[in-house]
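Asker: Let me give you the structure first, and then I'll get to my questions.
The values are calculated or read from the model by the stated rules, or taken from the named source; none is laboratory data. Quick caveat: nothing in here was measured; it's all calculated off a predicted structure. Glycine also receives a Cβ, built like all others from the backbone with ideal geometry; neighbour counts cover every protein chain displayed. For the accessible areas, the whole protein counts, side chains as well, though only heavy atoms, and no ligand, DNA or RNA atoms are used. Shrake-Rupley method; radii C 1.70, N 1.55, O 1.52, S 1.80 Å.
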Amino acid sequence: MNWSDENLYTILEKIGSSIKGRRVQMDLSQEELAKRSGVSPSSIARLETGKGNISLLNLLSLLKELDLLNELQLTFRDPNLSLALLAKSKTNKIRQRVRKQITLPPNDEKEWTWGHKNG
């Protein structure tokens, strides 16, 4: 799903629809989710219909209760953790440094002798 070209309100509707789908999948009513998350039922209803805007803390609380909070790790990873370390942790291989090969200029002299000076 590419949201780069989408209107922000359309994205809000898609997020709300996804939240609702997950809630229904978990067989929770809006009231049950509200009790578990501490978010008001009216806020949940507005989010699910794409008609309202909720705080980031409320969204995080809903995602946590719907077991979706870990999905954010793909986007918001630890800035101190480099991509190289992530790759290493997944493969358990030591990453080798890529080095540019040095090319020497061609040698015009046919034979080299010890102590021979150029020029």
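Asker: Restricting to segment 17-46, name every residue that is over 17 Å from Asp67 (Cβ atoms) and open to solvent by less than 20 Å² (accessible area, probe 1.4 Å).
Answerer: Ser43
Asker: Name every residue in segment 1-12 that is outside any helix (DSSP H, G or I) and either open to solvent by 100 Å² or more (accessible area, probe 1.4 Å) or polar (S, T, N, Q) (or both), in order of residue number. So that I can check it myself, show each step before the final result.
Answerer: If we filter segment 1-12 for residues that are outside any helix (DSSP H, G or I), which is where we start, we get 1-7.
Within segment 1-12, Met1, Asn2, Ser4, Asp5, Asn7 qualify.
Asker: Within segment 13-68, which residues are hydrophobic (A, V, I, L, M, F, W, C), in contact with a Leu (Cβ under 8 Å, 6 or more places away or on another chain) and not in a loop (DSSP other than H, G, I, E, B)?
Answerer: Once the filter is applied, which keeps residues that are hydrophobic (A, V, I, L, M, F, W, C), in contact with a Leu (Cβ under 8 Å, 6 or more places away or on another chain) and not in a loop (DSSP other than H, G, I, E, B), segment 13-68 yields Ile15, Ile19, Leu33, Ile44, Leu47, Leu59, Leu60, Leu62, Leu63.
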